[in-house]
Amino acid sequence: MSLKTGTPRADGYHMPAEWAPHTRTWMLWPERPDSWRAGAEPAQTAFRAVVAAIARFEPVTVGTSQAQFLNASEQLSDIPGVTVIELSSDDVWMRDCGPTFVIDDKGSLAAVDWDFNAWGGHDGGLYPTWDIDSQVARKVAQLEGVARYATPGFVLEGGSIHVDGEGTLITTAECLLHRNRNPRLSQGEIETYLRDYLAVDTIIWLPEGMFNDETDGHVDNFCCFVAPGEVLLCWTDDAKDPNYSRCRAALEVLEASHDAKGRTLRVHTIPIPAPLYAILESEGGAVGQVPDEHGRPERLAASYVNFLIVNGGIVMPGFDDPMDAVARDTLERLFPEREVVMVPGGEILLGGGNIHCITQQQPRPSGA
Ligand code: KQY
């Protein structure tokens, strides 16, 4: 299908909320050795669990390299509703390199293909080349046979935004105003892109995302909409945690905000797990609760907000933490009509993200 000129908004498209019906979820298969330890085998086990959890609710398409096609096909062969295709990428972050889908009210679907620079390009980006990732959105749009809107010169990752489908978007200034994304654009010019390509009217700017999030504070690891007029925010009461001030700053903004429909926001909170750290490869390389001063002492940006809403379900990460039960209860209370499925999130966290980051929902336009 064609590359469109003009903007989705001008053509009657908008980005629906994640809770609107989906046709499928798109994912990519882990392989890259500098992202995934031990030949990516633990990551593949973790991704398999995510695929299986989502496939209970809706079809899943998983893209792999040529080298991994047979392995992934074999590992996923017993899960009904899963399609494995050869779709090369630089890594697995479908939320960020994949398309953002938009729909119109005539039953049409289109794809927004943002410029992608691996979370910062040559100024703090997370891998040195990203040209294969940069083609993923276009390939997905082509596979689906939908029109594509490109944004040459405007960098954005899908994980840096959340919408309510009713004209409101939340994001973080830490990411969208970072000098390594769109340094030549003002905040107002960035807002114009969001309004034109997603058809939103109100943009809520949280100051920061989670501490030490290598995406420069993606909102999808920190705060999301759970219903029109309702958001869910990560929370800690530990004043020594670097997230303490970040959570409070976000709450202050959210409490002072109105959405596009003029509603004040109801803010729910969800605890963060106890601090998690990457353990040295020589000691197993997994995640653990004690920082390794001689290895990789850096705190991982673990968050239960990094979940995916699917048709009839929620797929959320767990971290073998006492807060897992509290977080699951929170999502069960907020989504009483959906079944909450928790899958192990530690290995995906080690790669730099979680379930929301490795998935991209394809909405089902009404009338389609
Ligand atoms: O959306 C994300 N969380 C992407 C993280 C990329 C990490 C690369 N190691």
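Each value in this text was obtained by applying a stated rule to the coordinates, not by laboratory testing. Because the structure is predicted, anything quoted here is derived from the model rather than measured. Counting neighbours? That spans all protein chains shown, and the Cβs are built from the backbone with ideal geometry, glycine included.
About its Cα centre, how strong a charge dipole does the chain have in debye, to the nearest 20, once Lys and Arg get +1 and Asp and Glu get -1 at the Cβ?
Details: 28 positive and 53 negative charges, 185 e Å.
That gives the chain a dipole magnitude of about 880 debye.
State log₁₀ I(q)/I(0) for segment 311-368 at q = 0.12, 0.13, 0.18, 0.25 Å⁻¹ as given by the Debye formula over alpha-carbon point scatterers of equal weight, solvent excluded. Result of the Debye calculation: -0.35, -0.41, -0.71, -1.08.
Of the residues GLY158, ALA278, VAL112, the one whose Cα sits farthest toward the positive end of the charge dipole of the chain, with +1 on the Cβ of Lys and Arg and -1 on the Cβ of Asp and Glu, is VAL112. The lysine pair tally for the chain, using Cα distances under 27 Å and a gap of 8 or more places or different chains, is 4. Peptides 336-345, 21-30 ranked from most to least packed, by the mean per-residue count of other Cβ atoms within 10 Å: 21-30, 336-345. Looking at the chain, the DSSP beta bridges with both ends there are about 40 percent antiparallel. Is the shape of the chain best called rounded, prolate or oblate, per the rule: a/c under 1.5 gives rounded, else a/b larger than b/c gives prolate, else oblate, with a ≥ b ≥ c the square roots of the Cα gyration tensor eigenvalues? Rounded, because the longest to shortest axis ratio a/c is under 1.5. Seen from all directions on average, segment 100-230 presents a Cα convex hull projection of 8.3 nm². Per-peptide packing, taken as the mean over residues of other Cβ atoms within 10 Å, places 348-361, 178-191, 321-334 in the sequence 348-361, 321-334, 178-191 from highest down.
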